[in-house]
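Right, one structure below, let's go through it.
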Amino acid sequence: MKKSTFIAVAGLMLTLHMGSVSAATLQDARSAIESQNYAVALEQLQLIARDGDLDANNLLGQMYENGWGVDADEEEAARLYRIGANQGHMESVTSLRALQNKAFAVEYNQLLPLAEAGNSEAQNRIGEMFEFGQGVERDKLAAFNWYQLAADQGEVSAWHNLGRSYNFGTGVEQDYEVAEDWYRQAADRGYTNSLFFLGTLYATDHGSDTSYSSDIIAYAWLQNAAELGDQTARPIAERLLLKLDSDEIETAKQLAERYKARYINQ
């Protein structure tokens, strides 16, 4: 056998052997957890997690989440879950979501009495939790109703959330004109998140203002959102400029300055 061939075969056999050792060690760790031999499980999992085994990383997260052989530490558990979740490891994604929902459920139970007693900030937050399924089952209609209660009391963030609801037809019939009205009310009160959504409303030709082209108005909103640090707004604003001629670019920049004076430098 040629030396190069021998080296290749030997390398393959070593890789297969190491893979089987890793798998066996992971199974041993699972068995140790089941028998509550946590010290052994922790040692084995730390060893193979250092080699990048995401299953081991996820199990380590569960040990920290549940306090199996270590002090319970949900922040460390979340950190370990995110390592796998960021690489598309579905078990880690599921673990991270379940951990977050535990915290959301606690938040929901704390806020619900306040919301029912009429606290507008709590009402808006409860609406968000229903909209996005944070600690409760998603319910778009319930979300809209909570936003409406908060908005009726002048909660500016709820005005923005009602704008989103009408914009995307979430819990209510889609109505771009009503969406824009709520966004503008929120922006008038300094709620800068509404600048981005107003920009995207015009970028998709759903705005009601016809004093300038949709692209010019979209740029003016999005440029201001970008200047406030919105990283999503920046590339959209830059692409919009490419669609405009030199005169339109100047108009768009002047409009952006007027919006800045009215909605940001209030």
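Only the coordinates and a few stated rules stand behind these numbers; no lab work does. No experiment lies behind these values; they were computed from the predicted model shown. We place every Cβ from the backbone using ideal geometry, glycine too, and count neighbours over all the protein chains shown.
Over the chain, what is the relative contact order in percent, taking alpha-carbon pairs closer than 8 angstrom and at least six residues apart?
Details: 354 pairs, mean separation 20.5, N = 266.
With pairs under 8 Å counted, the relative contact order is 8 percent.
Report the per residue volume, in Å³, of the convex hull enclosing the C-alpha atoms of the chain.
On the way: hull volume 54.1 nm³, N = 266.
It is 203 Å³ per residue.
Please go through the range 92-155 and write out the trypsin sites (Lys or Arg not before Pro) that DSSP classes as loop and that have at most 16 other C-beta atoms within 10 Å.
Counting only loop positions with at most 16 other Cβ atoms within 10 Å, the trypsin sites (Lys or Arg not before Pro) in the range 92-155 are Arg138.
I'd like the distance between the alpha-carbon centres of the range 179-257 and the range 48-72, rounded to an integer number of Å.
Each part's Cα centre sits 46 Å from the other's.
Mind listing the phi-derived Karplus ³J(HN,Hα) values for the range 194-207, rounded to whole Hz, using 6.51, -1.76 and 1.60 with θ = phi - 60°, and x for any glycine or proline?
Values per residue, Gly and Pro as x: 5, 4, 4, 5, 5, x, 5, 4, 6, 5, 9, 6, 10, x Hz.
Given points 7 Å out from each Cα along the Cα-Cβ axis, report the Arg189 to Arg258 separation in nanometres with one decimal.
Here the modelled spin labels are 2.5 nm apart.
Could you compute Rg(Cα) / (2.2 N^0.38 Å) for the range 122-265, with N its residue count? Don't jump to the answer; show the numbers that get you there.
Working: Rg = 15.7 Å, N = 144, 2.2 N^0.38 = 14.5 Å.
For the range 122-265, the normalised Cα radius of gyration is 1.08.
Output wanted: per-residue J couplings in Hz (rounded whole) for the range 71-82, from phi through Karplus 6.51 cos²θ - 1.76 cosθ + 1.60, θ = phi - 60°, x for Gly and Pro.
5, 4, 8, 5, 5, 5, 4, 4, 4, 5, 4, 5
Between rounded, prolate and oblate, where does the range 29-111 land on the alpha carbon gyration tensor, with a ≥ b ≥ c its root eigenvalues, rounded for a/c under 1.5, else prolate if a/b exceeds b/c? Present the calculation step by step, with values, prior to reporting the outcome.
Values: a/c = 2.53, a/b = 1.45, b/c = 1.75.
Here the range 29-111 falls in the oblate category.
Which value in nm describes the separation of the simple spin-label points at Glu75 and Val106, placed 7 Å from the Cα toward the beta carbon?
Here the modelled spin labels are 1.3 nm apart.
Would you please name the GluC sites (Glu not before Pro) within the range 136-223 that are DSSP coil residues with at most 16 other C-beta atoms within 10 Å of their C-beta? Working shown, then result.
Values: sites: Glu137, Glu155, Glu173, Glu177, Glu180; in loops: Glu137, Glu155, Glu173.
Hits after loop and neighbour filter: Glu137, Glu173.
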